Amino acid sequence: MTLSLSRRAALWEDRTAVVDVDADRRVSYADLESEADAMARRLSALGVGPGDAVGVVSRNRVETLALLFAVRRLGAIFAPISHRLTPATVEGPLETIDPEVVAHEEAQRDLVRSLPDERTHSFEDVGRHEGSDYERIERDPEDALLYLHTDEGERVVEFPARAVEWNCITATAAWGLGRGDCAPTLLPLSDAGGLLGLALPLLYVGGRSVVLRAFDPEDALASVADEEATVLLGGATEYRELVESDDFGEAGLGSVEWVASRSALADDARDELARRAPVVRTYGGVETGPNNLYVPPERDDDAESATADRVGRPFPDCEVRVAGGEGEAEKAPDAEIGELQFRGPVTPRGYLAEEGGTDEFPEWVSAGDRGYRDEGEYYLSGDERSDKD
């Protein structure tokens with residue numbers, strides 16, 4: 001198993017890896033490899049080495065994905081930070097991550113103003129910086145590769161390389177993704193679901209990711225039609241805006257095989273989407289990994305599938321239990337409500353501690369929601385985590 005971009009470029013060369021709609025760019029696997037190599041050279045010249053964190057504050061761009069692979073080959077840690085944070089709320093994750101370098105869009109300069117100038121570089125600055133030779137680091141699977149923060153930036157979660165790769169493996173296996181699949185980025189790449197739910201798994205298997213700078217329903221619908229997207233992954237907010245768009249009725253969605261939502265949809269939005277393609281649920285979060293539970297598209301075949309609290313079965317390589325009572329170790333019986341907990345290679349290591357190091361999660365990681373099991377399927381009970389995408 002390897003997340004190596006260079007091996008994929010050698011295999012798939014001129015196959016399109018990423019389409020950047022706003023920049024009108026079609027980037028092949030070979031092009032993405034070349035861009036990642038150039039970024040690694042520039043980061044090395046800026047002093048980035050093994051164990052250093054490299055932040056990025058940006059909307060969705062090809063450069064964000066290239067930067068991930070550049071950071072990986074230096075043995076450093078990729079830390080995407082949401083451009084939706086404010087100058088006040090962004091200070092928390094920046095202080096916790098303490099990045100060696102932060103790359104940013106010019107439009108997000110205000111979000112990195114608290115850092116010294118020598119540590120912040122616009123994508124244009126990084127592109128102009130003279131590169132240097134660098135040593136490729138053979139990464140241990142337990143080395144940190146990814147830092148992702150919670151919705152409002154209160155905590156930062158550490159993903160070892162093992163968890164990043166296993167999230168790609170389990171997503172491709174569960175959804176049956178392959179080289180013919182394509183999806184637009186309806187979610188930010190700083191979001192666990194946006195990056196590890198679909199965008200990176202598509203690159204893992206030779207598929208195509210269509211990068212949208214920010215979500216716009218008309219642009220999203222156009223990209224689905226133009227690129228003949230096969231799958232969609234979003235949240236209630238994105239899907240509500242899609243179906244309310246004046247373009248939805250005439251949109252060319254014939255290529256879409258299934259639509260996955262990471263949160264419960266309003267009945268009217270779900271019904272509108274279901275007229276065009278099967279609509280299924282997926283469940284997960286940054287603390288547990290985004291790929292925990294899902295309803296396979298082939299099981300979306302009865303009235304029960306529309307139940308808002310049904311979140312389905314475990315992804316491959318992810319175990320789930322409903323902890324009884326107040327979180328006791330033993331599983332609760334079927335139909336008994338308890339705390340949803342997960343374990344497996346897809347789960348991250350723990351929270352970064354402000355004083356340094358990592359506060360490791362227990363073997364079974366709590367999802368922060370309560371639910372129950374019925375005939376092998378899992379259901380949420382009570383208030384589930386809100387959809388803040």
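The values are calculated or read from the model by the stated rules, or taken from the named source; none is laboratory data. All of these numbers come straight from a predicted model, not from anything done at the bench. No Cβ is skipped: glycine too gets one built from the backbone with ideal geometry, and neighbour counts run over all protein chains shown. SASA here: full protein model, heavy atoms, side chains in, ligands and nucleic acids out. Shrake-Rupley method; radii C 1.70, N 1.55, O 1.52, S 1.80 Å.
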Practice prompt. Quickly estimate the mean residue ellipticity at 222 nm for the chain, helices only: each DSSP H run with n ≥ 4 gives -39500 (n - 2.57), and the total goes over all residues, rounded to 500.
Written response: -7500 deg cm²/dmol
Practice prompt. Rounded to the nearest 10 degrees, what's the angle between the helix 217-227 long axis and the longest principal axis of the chain, both from Cα atoms, 0 to 90?
Written response: 80 degrees
Worksheet item: Could you work out Rg/(2.2 N^0.38 Å) for the stretch 160-282, with Rg from alpha carbons only?
Response: 0.99
Item to complete: Could you tell me how many degrees, from 0 to 90 and to the nearest 10, lie between the Cα long axis of helix 29-45 and the main elongation axis, the longest principal axis, of the Cα atoms of the chain?
Response: 50 degrees
Fill in: Global form of the stretch 1-154, assessed from the alpha-carbon gyration tensor, a/c cut-off 1.5
prolate
Worksheet item: How about the stretch 230-298: which GluC sites (Glu not before Pro) there lie in a loop by DSSP and see at most 12 other Cβ atoms within 10 Å?
Response: Glu250
Worksheet entry | Percent RCO, i.e. relative contact order, over the chain, from Cα pairs under 8 Å lying at least 6 residues apart | 13 percent
Worksheet item: Using alpha carbon centroids, what distance separates the stretch 345-361 and the stretch 265-284, in Å?
Response: 34 Å
Worksheet item: What net charge is computed for the residues neighbouring Val231, neighbours being all others with C-beta under 10 Å from the C-beta of Val231, Lys and Arg scored +1, Asp and Glu -1?
Response: -2
Item to complete: Report Asp98's accessible area, 1.4 Å probe, all protein chains in place, as a number in Å² to the nearest 10.
Response: 100 Å²
Item to complete: Note the full-extension length gain between Ser245 and Glu360 as 0.36 nm times their separation in residues minus their Cα-Cα distance, in nm to one decimal.
Response: 37.0 nm
Worksheet entry | For the stretch 16-127, accessible area per residue (1.4 Å probe, heavy atoms of protein chains only), Å² | 36 Å²
Discussion item. Given a 1.4 angstrom probe, I'd like the percentage of the accessible area of the stretch 173-314 that is carbon and sulfur, rounded to a whole number.
Written reply: 42 percent
Discussion item. Can I get the semi-axes of the chain's equivalent ellipsoid? Compute them from the C-alpha gyration tensor as square roots of 5 times the eigenvalues, in angstrom, largest first.
Written reply: 32, 26, 19
Worksheet entry | Gained length - Ser4 relative to Glu375, 0.36 nm times residue gap less alpha-carbon distance | 129.6 nm
Worksheet item: Exactly which trypsin sites (Lys or Arg not before Pro) in the stretch 95-130 are in a DSSP loop and have at most 15 other Cβ atoms within 10 Å?
Response: Arg113
Worksheet entry | Sparsely packed GluC sites (Glu not before Pro) within the stretch 115-186, loop by DSSP, other Cβ within 10 Å at most 14 | Glu130, Glu135, Glu138, Glu142, Glu152, Glu154
